[in-house]
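Peer 1: After the C-alpha cells below, expect a handful of questions from me.
The values are calculated or read from the model by the stated rules, or taken from the named source; none is laboratory data. All values derive from a computational prediction rather than experimental measurement. Here Cβ is always computed from backbone atoms with ideal geometry, including for glycine, and neighbour counts include all displayed protein chains. Only protein heavy atoms, including side chains, enter the accessible area calculation; ligands, DNA and RNA are left aside. Shrake-Rupley method; radii C 1.70, N 1.55, O 1.52, S 1.80 Å.
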Amino acid sequence: MKHVDVKYVGLLSSRLDQFKKKTNNLYNFRCPVCGDSDRNRYKARGYLYPSKDRDSFVFKCHNCGDTRSFGNLIKHVDSMLYKNYMLEGFGKKERHVEEREKPKRKKRVRDVSFLENLGAERIDRIPKNHAVHKFINDRRIPDSSLSRLYYVHDDKVLEKVDPVYRDRIRGNQPRVILPFIDRDGELVGIAARAINSSTQMRYLAFRLNDKAPMIFGLDQIKRNSRDSVYVVEGPIDSLFLENAIAVGGADFSKLESEIRKDKCVIVFDNEPRNREIVKKMKKIIESGYRICIWSETIKEKDINDMILAGVPASKIQEVINKNTYSGLQAMVAFNSWKKVSI
Ligand SMILES: [Zn+2]
C-alpha cells in the first residue's frame, strides 16, 4: 500500500459518514454516491479495499453497485482534495501540497437571480399577448413549467455570462432561456433557444460552472423517492414528463456522477436510422441502464413532436413505461427497433 493512499484515507474519512476501519486495509462507511439507505441513517454499505496490485484502494458500494478507483472516490467527495492527491501521489510539484492546509474559501455560487440581473424575464410573468407566448403555444409547452423558463429580448446580453463569450453573439435575437440548475440551486449553465425559426443558431449553450455536468432539471426531481427519473435528450422534451431531466444532447455518461443508475430510465429520441444514436443506445443497454425502446407505432422523432401530433403527455409517459426494458430484453427490443446495422 502506498503511503500517500493510506494518508488520504485518513484525510477523506472526516468527509465520510459512519466511517470505520474494519481491518488493516478495509474501511466501511455510508456510500457518498447513492447516499445509502434513506430510512436507516446507520446503514453503511460503501467499502474501500486493497486494489489488485495492492498499491491503492478500490471503492465498492453494496447498495448501488458503484465501483471506482480510490482517486475517483476522492474526486467525487472533494475535488480540491483530489487535486492534492494527484499532485502528491503522481506529480512532482510538492510545493502545491501546501494548498491543502489553507482553509477552504466558500465559493459564491450563482443562482437563477443571475438571469434576472442580466435582464431576463420569467416567462410566467410575461403578459400572454407577448410574442414569446406564441413560441410557447406553438410547442405546447405546459403552463406548469413556465416558471422555470426565462426570456431575453436581445441575446447580446448573454455575452455578460462570461468574458469568453464576448463578441461571439451577433445579437438582436429574442430567445427562451432554459436554466440548468443543480440539486443545490446553483445555476451551472444555460441553453438559449431562438424563438424565430429564421435564426441560424437555434441553440446557444453557456457553461457557468466547468466542473458541473450540464443536466437540465436536477433541481426538480424528487429526492429520496423510489420513483424513476426519466432522462431525455432535449430540455424542452423533459418539460412534458413527470420527474424528468435532460442531458442536452446524447451524452448520457454524465449521469453517472449525479444519479443512481437503477433510478434512471433513459429515453433517447426516436431515431432508428441515426447510426450514432443507435450505437450510443447499445452502449447504454450494455452498461445496465433501463431504456425506452419506442414501439413501431410511434413515428415522431421526439417527445415534442409526439405532443404536436396530438398525443397527450400522460399517454407518452404510459408508452414509455410500457416500452422500458433492461438487459437481454432491451437488446432484443433494440435489435428489432433499429433500422441500421452497427
Ligand atoms: Zn452506493
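Peer 1: With the requirement that a residue be without any contact (Cβ under 8 Å) to a residue 40 or more places away in the chain, closer than 16 Å to residue 322 by Cβ and open to solvent by 50 Å² or more (accessible area, probe 1.4 Å), what does segment 281-298 give you?
Peer 2: Answer for segment 281-298, where residues must be without any contact (Cβ under 8 Å) to a residue 40 or more places away in the chain, closer than 16 Å to residue 322 by Cβ and open to solvent by 50 Å² or more (accessible area, probe 1.4 Å): just 297.
Peer 1: Over 22 Å from residue 233 (Cα atoms) and either open to solvent by 30 Å² or more (accessible area, probe 1.4 Å) or touching a Leu at 6+ places or on another chain (Cβ under 7 Å) (or both) - does that describe any residue in segment 131-147?
Peer 2: The initial filter retains those residues of segment 131-147 that are over 22 Å from residue 233 (Cα atoms), namely 131-134.
Next cut, either open to solvent by 30 Å² or more (accessible area, probe 1.4 Å) or touching a Leu at 6+ places or on another chain (Cβ under 7 Å) (or both) only: 131, 134.
Checked segment 131-147: at least one residue is over 22 Å from residue 233 (Cα atoms) and either open to solvent by 30 Å² or more (accessible area, probe 1.4 Å) or touching a Leu at 6+ places or on another chain (Cβ under 7 Å) (or both).
Peer 1: Moving to a separate point now. Within segment 57-92, restricting attention to residues that are hydroxyl-bearing (Ser, Thr, Tyr) and touching a Lys or Arg at 6+ places or on another chain (Cβ under 7 Å), which residue is most open to solvent (accessible area, probe 1.4 Å)?
Peer 2: Of everything passing the filter in segment 57-92, 67 is most open to solvent (accessible area, probe 1.4 Å).
Peer 1: Another question, then. Looking only at residues that are among the basic types (Lys, Arg) and farther than 12 Å from residue 334 by Cβ in segment 261-279, which one is most open to solvent (accessible area, probe 1.4 Å)? Full working, then the answer.
Peer 2: Start the filter on segment 261-279 by keeping residues that are among the basic types (Lys, Arg), which leaves 261, 263, 273, 275, 279.
With farther than 12 Å from residue 334 by Cβ added as a condition, the list becomes 261, 263, 273, 275.
On the way: 261: 78, 263: 38, 273: 168, 275: 113 Å².
In this case the residue turns out to be 273.
Peer 1: Which residue pairs have Cβ atoms under 9 Å apart, sit 6 or more places apart or on different chains, and have a first residue in segment 56-69 that is over 24 Å from residue 4 (Cβ atoms) and outside the structural domain of residue 27 (by TED's automatic domain parsing) and a second that is modelled with pLDDT of 90 or more and more than 6 Å from the ligand (Cβ to nearest atom)?
Peer 2: Correct list of pairs: empty, since none qualify.
Peer 1: Can you tell me which residue among 128, 104, 43 is open to solvent by 70 Å² or more (accessible area, probe 1.4 Å), in a loop (DSSP other than H, G, I, E, B) and modelled with pLDDT under 85?
Peer 2: Of 128, 104, 43, the one residue that is open to solvent by 70 Å² or more (accessible area, probe 1.4 Å), in a loop (DSSP other than H, G, I, E, B) and modelled with pLDDT under 85 is 104.
Peer 1: Here is a follow-up. Is it the case that some residue within segment 211-222 is over 23 Å from residue 34 (Cα atoms) and open to solvent by 10 Å² or more (accessible area, probe 1.4 Å)?
Peer 2: So far as segment 211-222 goes, no, none of its residues is over 23 Å from residue 34 (Cα atoms) and open to solvent by 10 Å² or more (accessible area, probe 1.4 Å).
Condition check ((1) away from the ligand (no atom under 12 Å from the Cβ); (2) surrounded by 14 or more Cβ atoms within 10 Å (Cβ to Cβ)) across all residues:
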| residue | (1), (2) |
| --- | --- |
| 7 | yes, no |
| 15 | yes, no |
| 27 | yes, yes |
| 33 | no, yes |
| 39 | yes, no |
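Peer 1: Looking at (1) in contact with a helix residue (DSSP H, G or I) (Cβ under 6 Å, 6 or more places away or on another chain); (2) in a strand (DSSP E or B); (3) not hydroxyl-bearing (Ser, Thr, Tyr), which is the one condition that is false for residue 81?
Peer 2: Residue 81 satisfies all of (1) in contact with a helix residue (DSSP H, G or I) (Cβ under 6 Å, 6 or more places away or on another chain); (2) in a strand (DSSP E or B); (3) not hydroxyl-bearing (Ser, Thr, Tyr) except (2).
Peer 1: Still on this structure, please answer the following. Any residue in segment 212-225 that's within 16 Å of residue 241 (Cβ to Cβ): show its pairings with residues that are in a loop (DSSP other than H, G, I, E, B) and β-branched (Val, Ile, Thr) at Cβ separation under 9 Å, as long as the two are six or more apart or on different chains.
Peer 2: 215/247; 215/259; 216/247; 218/259; 221/259
Peer 1: Report, by residue number, each residue of segment 299-337 that is over 26 Å from the mean Cα position of the chain (by Cα), closer than 21 Å to residue 275 by Cβ and open to solvent by 30 Å² or more (accessible area, probe 1.4 Å).
Peer 2: 299, 332, 335, 336
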